[in-house]
Amino acid sequence: TEEKDELRKKVRELVDLIQSMSGWNKFNAKTIIYWCTATYGHAQVTKFPLLNVVGIYESGKSTTLNMIQALAKASLEDNRGEMMLVGKMTAPVVKQTLSRGGTHVIDESDFFEEHFIPHVFDKTIGTFLKNENMGGNQWKVIEIKVNGALALHLRKPLKDPANESRCITLRTRKIKDYDESKINPDMDKIEPYRETLESISNRLCTWK
C-alpha cells in the first residue's frame, strides 16, 4: 500500500543517514533501526534482547548510543535525557532507573552487574529479591523490578556465554580520516525518524 511504501522509503533514508554518520554497514544500520522499532512493542512481549554495542575508543560507540537514545521508546515520562546512564549499576540504581519502562542506554558499562541481564531479558523473572550490602556490615533484602529495553556499551566480552544469546551484539568500526562520504553526527537529523519507527511498530506489527 501507499502507506507501507512511504514507511519503507523512510527506513531506507534512515539507513543511509546512519551510514553517513558512522562506520556501520547497511546490515548494522538496519539492526539498530529494527531494535529501536521493537522497543515500541516492548510492553507486549515477554522476552526482549539487549543490544550490546562493543567498541574501542573513538570507534563510534557514543554516536551509536546517541542514535538509539534519539530513536527508541523513552520512559513513560518521555524524558530522553534520563535514558542515558553511565558507569556502575548497583542494585539500588537499577531499582530506581530500570523499573521505569521504556529504553535505557548504559555507556561505559563494563561494570554493569552481568547477573541483571537475564532479568532484563525475561519479564517473568524481571522482579526478584537481592541481598544488598548497605555498609557497616549491614545487609538488607531489597526488591528489584526490571522493566524496559536496554542497550549496553561494553569493551570486554560477557563472562557468561548464556548471556551472549540474550544479546544482539554490534562491533563498532573506526572511520578513516580521509573518508569524504561521512558527515558529522547530527541527532537533529536522526530524531524526526522516531515517528516512523513508532508508526511501523504500531501499524505493521502484531506484538501479542
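Do we have any residue at all in the range 70-90 that's of a type in the set (V, I, T), modelled with pLDDT of 85 or more and either more than 16 Å from Y193 (Cα to Cα) or under 15 Å from the mean Cα position of the chain (by Cα) (or both)?
Taking the range 70-90 and keeping what is of a type in the set (V, I, T), we get 86, 90.
With the extra rule that they be modelled with pLDDT of 85 or more, the set shrinks to none.
No - not one qualifying residue is present in the range 70-90.
Which of the following residues is touching a residue at least 24 places away in the same chain (Cβ under 8 Å), under 26 Å from A70 (Cβ atoms) and assigned to a loop (DSSP other than H, G, I, E, B): S181, S199? Steps first, answer last, please.
Details: S199 fails: assigned to a loop (DSSP other than H, G, I, E, B).
Result of the check over S181, S199: S181.
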Within the range 45-56, is there a residue that is at pLDDT below 75, surrounded by fewer than 17 Cβ atoms within 10 Å (Cβ to Cβ) and not in a helix (DSSP H, G or I)? yes
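In the set N202, N184, N163, N131, which member is more than 20 Å from F27 (Cα to Cα) and touching an Asp or Glu at 6+ places or on another chain (Cβ under 7 Å)? Show your work before the answer.
Values: N202 fails: touching an Asp or Glu at 6+ places or on another chain (Cβ under 7 Å); N184 fails: touching an Asp or Glu at 6+ places or on another chain (Cβ under 7 Å); N131 fails: touching an Asp or Glu at 6+ places or on another chain (Cβ under 7 Å).
Only one candidate qualifies: N163.
How many residues does the range 1-34 hold that are part of a helix (DSSP H, G or I) and open to solvent by less than 10 Å² (accessible area, probe 1.4 Å)?
Applying the first criterion (part of a helix (DSSP H, G or I)) to the range 1-34 yields 2-20, 26-34.
Now restrict to residues that are open to solvent by less than 10 Å² (accessible area, probe 1.4 Å): 14-15, 18, 29, 32-33.
Result for the range 1-34: 6.
For (1) within 16 Å of the chain's Cα centre (by Cα); (2) within 30 Å of G23 (Cα to Cα), each residue gets a yes or a no:
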{"residue": "V120", "(1), (2)": "yes, yes"}
{"residue": "N133", "(1), (2)": "no, no"}
{"residue": "E143", "(1), (2)": "no, no"}
{"residue": "G148", "(1), (2)": "yes, yes"}
{"residue": "L154", "(1), (2)": "yes, yes"}
{"residue": "D160", "(1), (2)": "no, yes"}
{"residue": "I168", "(1), (2)": "yes, yes"}
{"residue": "K174", "(1), (2)": "no, yes"}
{"residue": "K182", "(1), (2)": "no, yes"}
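Of all residues in the range 160-178 being assigned to a loop (DSSP other than H, G, I, E, B) and of a type in the set (K, R), which is modelled with the highest pLDDT?
Within the range 160-178, the first condition is being assigned to a loop (DSSP other than H, G, I, E, B), and the residues that meet it are 160, 165-166, 172-178.
Remaining after also requiring of a type in the set (K, R): 166, 173-174, 176.
Values: R166: 94, R173: 77, K174: 74, K176: 68.
Checked the range 160-178; the qualifying residue modelled with the highest pLDDT is R166.
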Of P157, P192, which residue is part of a loop (DSSP other than H, G, I, E, B) and open to solvent by 60 Å² or more (accessible area, probe 1.4 Å)? P157
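The values are calculated or read from the model by the stated rules, or taken from the named source; none is laboratory data. Bear in mind that the values here come from a model prediction, so they are computed numbers and not experimental data. Cβ coordinates were reconstructed from backbone atoms using ideal geometry, including for glycine residues, and neighbour counts include every protein chain displayed. Protein only, heavy atoms only, side chains kept; ligands, DNA and RNA dropped before computing areas. Shrake-Rupley method; radii C 1.70, N 1.55, O 1.52, S 1.80 Å.
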